[in-house]
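Working notes for the structure below.
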Amino acid sequence: MNALLLTLGDGATIARRNVRKVTRVPEILVSVIVSPLIMLVLFAYVFGGSIEIEGGSYREYLVGGVFAMNLVFASVFTGAGLAEDIQKGIMDRFRSLPMSQSAVVFGRTASDVIYNVLSLAIMSVAGLLIGWRINGSVFEAITAFALLLLFAYAISWVMAYIGLLVPSPEVINQAGMMVIFPMTFVADTFAPVENFPGPLRTFAEWNPVSSVTRAARELFGNLPAGSPEPGPWSLRHPILYTLLWVAIIIGVFAPLAVRRFSRRP
């Protein structure tokens with residue numbers, strides 16, 4: 001128990017250090033605030049007119065997908081932060097301190113949850129301004145936000161592991177986008193999975209980004225009226241499917257990231 005408390009305390013210290021970094025490098029907030037707004041406005045006003053959603057408003061349909069996409073994109077920030085600290089030699093200083101080795105990676109992923117909360121709050125306000133509404137209960141809305149943040153936290157562990165493997169932040173940005181682009185665009189984010197042909201549709205149906213997006217839409221009450229029952233189990237039980245992926249991702253990549261940090265020369 002004492003070891004766990006010490007790890008949590010060290011992790012909280014690292015998280016505070018990462019959050020305070022924003023006061024010295026305010027440019028970090030650009031990706032947290034501006035990028036989500038650009039994506040939301042771009043798809044709502046530029047591409048929204050070319051996509052029809054039977055029985056519902058495309059803008060209400062869109063917002064759940066934009067939430068999921070931007071939070072997954074933000075996970076690259078976790079890997080880039082670790083890669084930058086390694087490049088500058090800060091990680092070597094952490095290793096020399098009498099602290100838990102896992103606390104460094106835990107603190108990095110925990111601090112990025114704060115950025116995600118800020119990003120989600122800004123996107124929610126922007127969504128309300130363009131016509132999005134929460135039609136479910138308060139409890140369902142809180143559950144939707146919590147599920148989105150939990151899924152983003154799980155993906156941040158993947159990026160943390162990659163960030164400990166690559167030599168620079170530039171590489172993690174490129175490597176991360178190679179993974180995130182197909183995950184977020186071949187999914188139920190901007191158009192129904194029925195619009196995808198053949199193998200792409202199968203990938204979209206079982207893509208966890210599709211499940212967390214659909215779960216958010218269900219909880220927000222944004223599913224189009226009379227929308228057909230989805231075929232695959234992943235979309236019929238999106239909350240459970242998302243939680244399964246969260247457990248698998250954290251269970252696999254959290255130990256890998258901690259082990260990689262401990263063994264890195």
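The values are calculated or read from the model by the stated rules, or taken from the named source; none is laboratory data. Bear in mind that the values here come from a model prediction, so they are computed numbers and not experimental data. Neighbour counts are summed over all protein chains in view; Cβ atoms, including those assigned to glycine, are modelled from backbone coordinates with ideal geometry.
A few remarks follow.
One line per residue, one yes/no per condition, for (1) charged (D, E, K, R); (2) touching a residue at least 24 places away in the same chain (Cβ under 8 Å); (3) farther than 28 Å from T78 by Cβ; (4) surrounded by fewer than 16 Cβ atoms within 10 Å (Cβ to Cβ):
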site	(1), (2), (3), (4)
F190	no, yes, no, no
S210	no, yes, no, no
R214	yes, yes, no, no
S234	no, yes, no, no
I239	no, yes, no, no
W245	no, yes, no, no
S262	no, yes, no, yes
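- All told, L244 meets the bar of being in a helix (DSSP H, G or I), modelled with pLDDT of 95 or more and closer than 28 Å to F106 by Cβ.
- Some residue of the stretch 162-171 being in contact with a helix residue (DSSP H, G or I) (Cβ under 8 Å, 6 or more places away or on another chain), of a type in the set (S, T, N, Q) and either without any contact (Cβ under 8 Å) to a residue 40 or more places away in the chain or assigned to a helix (DSSP H, G or I) (or both): no
- Any helices (runs of 4 or more DSSP H) falling wholly within the stretch 1-97 and containing at least 3 residues that are more than 17 Å from the chain's Cα centre (by Cα) and at pLDDT below 80: 2-24, 76-87, 90-96
- Any hit, the stretch 196-206, residues being among the hydrophobic types (A, V, I, L, M, F, W, C), in contact (Cβ under 8 Å) with a residue 24 or more places away in the chain and either surrounded by fewer than 16 Cβ atoms within 10 Å (Cβ to Cβ) or not in a loop (DSSP other than H, G, I, E, B) (or both): yes
- Failed item, numbered, when N135 is tested on (1) under 14 Å from V66 (Cα atoms); (2) not in a helix (DSSP H, G or I): (1)
- Residue within the stretch 218-226 that is among the aliphatic types (A, V, I, L, M), farther than 19 Å from G64 by Cβ and in contact with a Leu (Cβ under 8 Å, 6 or more places away or on another chain) present: no
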